[in-house]
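K.L.:
Got a structure for you, written out below as structure tokens; questions coming shortly.
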Amino acid sequence: MVISASLTSSRTSPFLLRGETTLLAKKGLGYFVHPSHIQSLFHPHISFLPMNITPTLFAYYQLCHRKMWLHAHHIRMEHSSDLVYEGKLLHDHAYPQRAERYREIVLDGAKIDYYDPKKKVVHEIKKSDKNEHAHIAQLKYYLYLLEAEGIEGPGGLLEYPSQRKRHQIQLEAEDRERISVQVEKASEILLRDCPGRLPRKNCRKCSYEEFCFAEEVVDI
């Protein structure tokens, strides 16, 4: 079985070894790599600089450190996930009438799609509440970043349209402390070797499932 992953090429990343033809084969814009060879794609004598922990990485930290590591190191599987695509459609079309009052803003590499500057509210839409704790953590991280930019008292609105659920989210003192600690821990994980897999029962419907549990590489 061949697993396709979107991976930064050696032309744009100094950390990828050129000539890894037995492990990495380019086909169009994608790459094919067996997960057991992940570490060999990165130069053993180069230490990564501390990475910016984006809200996506922060959410993945809550779910799976391996997924966070892979995403941060430009091994992306979301492009092949129907669930991710459905989630994006939901996010874009669930409340089209609200678009005018919301603004897209970028904070130090973090993009907030829907922000109401008048009410200082971040609006986040999710398909399912299966990973609700990670959704709440991600939204609180948005608020944390807004506060770091000098915006006082921002709030969040987390919605699950298909389940008719919504939560008002506020950032408390204990959240700030926890986020600071978790960002530091996430940064440390990204500087180490790729974390191991979780039990497969925890990985159902994850876009990385087939990648992480691939058994063999088919020569191209």
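K.L.:
Open to solvent by 20 Å² or more (accessible area, probe 1.4 Å), under 22 Å from K120 (Cβ atoms) and of a type in the set (D, E), is that true of E188?
P.N.:
no
K.L.:
Cβ contacts < 8 Å: first residue closer than 16 Å to P55 by Cβ, restricted to the stretch 173-191; second residue among the basic types (K, R) and in a helix (DSSP H, G or I), any location; separation 6+ or different chain. Result?
P.N.:
Here the result reads D175/K140; I179/K140, each pair linking the stretch 173-191 to a residue that is among the basic types (K, R) and in a helix (DSSP H, G or I).
Yes/no per residue for (1) under 22 Å from the mean Cα position of the chain (by Cα); (2) part of a strand (DSSP E or B):
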site	(1), (2)
V106	yes, yes
K111	yes, yes
K119	no, no
H123	yes, yes
A137	yes, no
K140	yes, no
Y144	yes, no
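K.L.:
Also, quick follow-up: Take L158 and tell me if it is out of contact with any helix residue (DSSP H, G or I) (no Cβ under 7 Å at 6 or more places or on another chain) and surrounded by 11 or more Cβ atoms within 10 Å (Cβ to Cβ). First the steps, then the outcome.
P.N.:
Working: out of contact with any helix residue (DSSP H, G or I) (no Cβ under 7 Å at 6 or more places or on another chain): no; surrounded by 11 or more Cβ atoms within 10 Å (Cβ to Cβ): yes.
So L158 fails the test.
K.L.:
All but one of (1) more than 19 Å from T56 (Cβ to Cβ); (2) in a loop (DSSP other than H, G, I, E, B); (3) modelled with pLDDT of 95 or more; (4) not polar (S, T, N, Q) hold for E177; which doesn't?
P.N.:
Among (1) more than 19 Å from T56 (Cβ to Cβ); (2) in a loop (DSSP other than H, G, I, E, B); (3) modelled with pLDDT of 95 or more; (4) not polar (S, T, N, Q), E177 violates only (2).
Residue-wise test of (1) in contact (Cβ under 8 Å) with a residue 40 or more places away in the chain; (2) farther than 17 Å from P55 by Cα; (3) open to solvent by 90 Å² or more (accessible area, probe 1.4 Å).
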site	(1), (2), (3)
L107	yes, no, no
A110	yes, no, no
Y115	no, no, no
I125	no, no, no
L139	no, no, no
L145	yes, no, no
P195	yes, yes, no
R204	no, yes, yes
F211	yes, yes, no
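K.L.:
Check the stretch 150-165 and report whether any residue there is closer than 13 Å to F58 by Cβ and either of a type in the set (G, A, S) or part of a helix (DSSP H, G or I) (or both). Can you show your working first?
P.N.:
Going through the stretch 150-165, the residues closer than 13 Å to F58 by Cβ turn out to be none.
Taking every residue of the stretch 150-165 in turn, none turns out to be closer than 13 Å to F58 by Cβ and either of a type in the set (G, A, S) or part of a helix (DSSP H, G or I) (or both).
The values are calculated or read from the model by the stated rules, or taken from the named source; none is laboratory data. Small disclaimer: the values here were computed from a predicted structure and weren't measured. Positions of Cβ are backbone-derived with ideal geometry, glycine not excepted, and every protein chain shown enters the neighbour counts. Please note that ligands, DNA and RNA were not included when accessible areas were found on the heavy atoms of the full protein model with its side chains. Shrake-Rupley method; radii C 1.70, N 1.55, O 1.52, S 1.80 Å.
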